[in-house]
Structures are given as structure tokens and as C-alpha cells.
Amino acid sequence: MGATKAYKLKSTLKDSFQYALVIVPFTVIDHHKSFVTVGAGLLSMEDVASYKWLLEQFLKTHSNKQPLLVLTDQDAAMKQAIDSVFCQPKRRLCMWHIMKKLPKKLSVEFLKSTDFNKRFNKLVWDIYIELHIFEMSWELLMKEYNLKDEKWFKDTFENKEAWVPVYFNDFPRCGLMKTM
């Protein structure tokens, strides 16, 4: 009897993974500068309609109070849904997601044999650098490591205002750029 129950439980758990649901957390920063999850949604599809529905439900449950800032990854469907539901919040990209992609865009050997990673991190995390110095330093770094024509780096630079901290010193971050 015990083995049958264990088999059923194991089978049920295995079957639940077939749905591959995506969790979308809604996290705020409280007055103690701590992260607090105030809600979450499960989506079966990561498309504009699903994200739009979830964001609309979130607004309803929070008295239609619009967020001041929305932090996301680089998902295009999510961006489109945010733009259609929220009234122009400041949208920022999660630095963790961007930095996580770096090793996937460059070979491990390249990252181990050069100081590119160290220099890249130092450049993008410098909140005191002047904007024109940042842009000039980025250009030099890309040229030095022969990355000027790499699409991901070009696209990421074009979107710099959404993820490089120096471009939004006017908005208190409270550690938001390092959250997942």
C-alpha cells in the first residue's frame, strides 16, 4: 500500500512538470528598502495577451495604482504589454539578466584569457562616470576586443538608458538593478 501511494505521488509530481508554467512575481521595495513580494501570477504562455491580462489583474487588485518603475528582462512581449497597460512607468532592464547573458555571448576561453569581464563590469557599474565618458569608453572597449560588429553588444548599447545605472541616477534604485 505504501509503495502504491509513493508511486502515485511521484507520478503526480512528474505530470505537473509537463505544464511548464512561468511565474511572474510582483515585488516592491518597502520603506525599509527591503524587497517584498506583493503578488505573483502563473502564465502558461509568454505572449503579449497573457502578460497584458496579468498586468491588468494586478492593477485591479491594487486600486489601479500605477507603478513608478518596472524592472524586467529583455522580453519583447513583456515590454509591449507593459507599454499598453501602464501609464508610462520608468522601465528598466534587470542588470542581473544582462550580465548573465555575457558568458553566453562570449566564449569561456575569451573571458578567462582576457580582462574583458572585469573591465566591462567596472564600466557599466560606475554610477559616477559622465555619460560621454561612458559612451567613449564603451566604444574603445568594443574596438579593443573586436566586438564592435557583434549584434548583441550593439543592441545592448542602443538600449543603454534602460540598464546602465549612470543613465538613471535621477531615480533611486535601492538595489533594484541587482535583483532577479
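The values are calculated or read from the model by the stated rules, or taken from the named source; none is laboratory data. For clarity, every value in this text was computed on a predicted model and none was experimentally measured. Because the Cβ atoms are built from the backbone with ideal geometry, glycine has one as well, and the counts that use them run over all protein chains shown. Just so you know, the surface numbers come from the protein's heavy atoms only, side chains and all, with ligands and any DNA or RNA stripped out. Shrake-Rupley method; radii C 1.70, N 1.55, O 1.52, S 1.80 Å.
Listed values, structure above:
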item: Label-point separation, Asp115 to Leu68 (7 Å along Cα→Cβ), nm; result: 3.9 nm
item: Net charge over other residues, Cβ less than 11 angstrom from the Cβ of Glu144 (K, R count +1; D, E count -1); result: +1
item: Net length gained if the chain between Trp125 and Asn169 were fully extended (0.36 nm per residue, minus Cα distance); result: 14.7 nm
item: Simple label model, 7 Å out from Cα along Cβ direction - Lys100 to Ile23, nm; result: 1.3 nm
item: Where trypsin sites (Lys or Arg not before Pro) fall in DSSP loop in the stretch 61-101, at most 14 other Cβ within 10 Å; result: Lys65
item: Protection-proxy order for peptides 40-46, 71-77, each taking the mean of Cβ atoms within 10 Å per residue, highest first; result: 71-77, 40-46
item: Filter on Lys118/Lys151; Lys100/Lys122; Lys122/Lys160; Lys112/Lys154; Lys105/Lys154 - keep pairs with C-alpha separation over 18 Å; result: Lys118/Lys151; Lys112/Lys154
item: Label-to-label distance, nm, for residues given as Ala76 and His32 (7 Å Cα→Cβ offset); result: 4.2 nm
item: Whether the stretch 35-109 is rounded, prolate or oblate, judged on the alpha carbon gyration tensor where a/c under 1.5 counts as rounded; result: prolate
item: Exposure ranking of Met95, Met78 by accessible area [1.4 Å probe, largest first]; result: Met78, Met95
